[in-house]
Each structure stands twice: as structure tokens, then as C-alpha cells.
1. Here are some residues: A:36, A:68. Which one is modelled with pLDDT of 90 or more, more than 27 Å from residue B:51 (Cα to Cα) and charged (D, E, K, R)?
2. Kindly indicate which of A:87, A:67, A:18, A:80 is under 13 Å from the mean Cα position of the chain (by Cα), away from chain B (no Cβ under 14 Å), over 27 Å from residue B:104 (Cα atoms) and small (Gly, Ala, Ser).
3. Looking only at region B:91-111, how many residues end up being within 11 Å of another protein chain (Cβ to nearest Cβ) and assigned to a strand (DSSP E or B)?
4. Please go through region B:4-16 and pick out each residue that is exposed (fewer than 15 other Cβ atoms within 10 Å of the Cβ) and in a loop (DSSP other than H, G, I, E, B).
5. For region A:90-113, give me each residue that is away from chain B (no Cβ under 14 Å) and closer than 19 Å to residue A:5 by Cα.
6. Go through the residues of region A:54-65 one by one and say whether even a single one is among the aromatic types (Phe, Trp, Tyr), buried (at least 22 other Cβ atoms within 10 Å of the Cβ) and modelled with pLDDT of 90 or more.
7. Counting only residues that are at pLDDT below 90 and aliphatic (A, V, I, L, M), which one in region B:17-48 is surrounded by the fewest Cβ atoms within 10 Å (Cβ to Cβ)?
8. Mind listing whichever residues of region B:55-68 are more than 14 Å from chain A (Cβ to nearest Cβ), within 26 Å of residue B:41 (Cα to Cα) and either among the charged types (D, E, K, R) or touching a residue at least 12 places away in the same chain (Cβ under 8 Å) (or both)?
Amino acid sequence: NAGVTQTPKFQVLKTGQSMTLQCAQDMNHNSMYWYRQDPGMGLRLIYYSASEGTTDKGEVPNGYNVSRLNKREFSLRLESAAPSQTSVYFCASSAIREREENEQFFGPGTRLTVL
Amino acid sequence: ILNVEQSPQSLHVQEGDSTNFTCSFPSSNFYALHWYRWETAKSPEALFVMTLNGDEKKKGRISATLNTKEGYSYLYIKGSQPEDSATYLCAPIGYGQNFVFGPGTRLSVLP
């Protein structure tokens, strides 16, 4: 099993450009998440999908959209990139969102720079 | 939004030293907590899943305790080794809420 995979690993964008970060998991998990990681701020939740067909905002959703394409895939889109979105983005999945014993499994991350 | 704090922010210890860190969070509405270990250039990985007040977990030289009534969890490392160098994140879990990760404690173990 590959676990959680993310593409691309690195990306440089100019201000105003758009792009989609892809995430897929092969663990048959119901819940998927997108986080951003900035120095000194830990992981902040952007959006999550508790189950296929549902998505909800997290702590920092502004400037992003998501799509839960199917049970395996959860994409994050930046419609008009801004320098403040320079960050490392992590996708994660867990079996069920509201079960405390279900740990999250993380992808390798995407390092995004917006010039 | 939960206010999750971790202390210290970073620390350097010598190989063989024992150390501990703290995760603190508002005690109301929290009933479980996860600890994650995050090595440089890798992804966070779950270290402990603690689901009850009073839970104690141990994995080799690393152990953790959870007190949800007073809003804290301790992580202990006995006899630190260079391979323990990582950032340790806690994530308390509240009813109907998502994971909220603390800012982490960065540990460096010097050989």
C-alpha cells in the first residue's frame, strides 16, 4: 500500500495563477483533510471531508476550494494564488472523523511558493 | 478554535538524558489526545493515541500520560537517542471537532 500520496512535491507559482494539489489514499479511509504548515504555527486545517460527498471548512479556508472526487481522492485548489499561500501543504486521511482512536495518516507534503 | 499550547518550544539534550514536554489545552469538551512524531523532511506519524482521561501509553523509551480534567498531557523520553530528534505534536480531540494540532516541541538530541 502506498498510503497517502500527494502531487506535485514542489510548485512555484506567480501571484494570480491557479493550481490544484492532488491527494489520494489507498487505505479505504472515509475522512480526508488538507493542512498547511507554516513556521511556528504548526498544522492548520484548511478543509476536510468527513466522508465521500461532503466537505467542510476548517480553520483557514479563505482562498481555497476542495473537491472530494471519490472515496480515494481529495483535491485542493488555489484559484488565484497569493504570496500568503506560500506554505507546505499536507493531505491526511483517517478511518472515521469522529472516532478518537482513529489516527491520521499524512502524505509527504507539497511545498508551494507563490512569487 | 482551540488554544493548544506546547512547551517548551524547543530543547536540546545530550544523548542519554531523559526529558519531558507538555501539551496543554482547555479542559472542557476534550476527551482524547494524539501525539505525533515529525522528523525533518518527513511527514507526521502517530506516536500515541490516547482515548480516555488517565490513559498512559508506552512505546519503548517513550511514554505519555493524559489528564483531560485538568487539560494537559505529558510526553516522556527516557535515555534520549539521536534518532529521537524530531518535532513532537499533540492534537487534542473535542466532541464534534476536528483535530487541532499544537505548535510542537522541537527536540534535538546531541550525540
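The values are calculated or read from the model by the stated rules, or taken from the named source; none is laboratory data. All values reported here derive from a predicted model rather than from experimental measurement. Cβ atoms come from the backbone with ideal geometry, glycine included; neighbour counts cover every protein chain shown.
1. Going through A:36, A:68 in turn, just one is modelled with pLDDT of 90 or more, more than 27 Å from residue B:51 (Cα to Cα) and charged (D, E, K, R): A:68.
2. A:67
3. 6
4. Selection gives B:8, B:9, B:15, B:16.
5. A:112
6. No, region A:54-65 contains no residue that is among the aromatic types (Phe, Trp, Tyr), buried (at least 22 other Cβ atoms within 10 Å of the Cβ) and modelled with pLDDT of 90 or more.
7. B:41
8. If the condition is that a residue be more than 14 Å from chain A (Cβ to nearest Cβ), within 26 Å of residue B:41 (Cα to Cα) and either among the charged types (D, E, K, R) or touching a residue at least 12 places away in the same chain (Cβ under 8 Å) (or both), then B:58, B:61, B:62, B:63 are the ones that fit.
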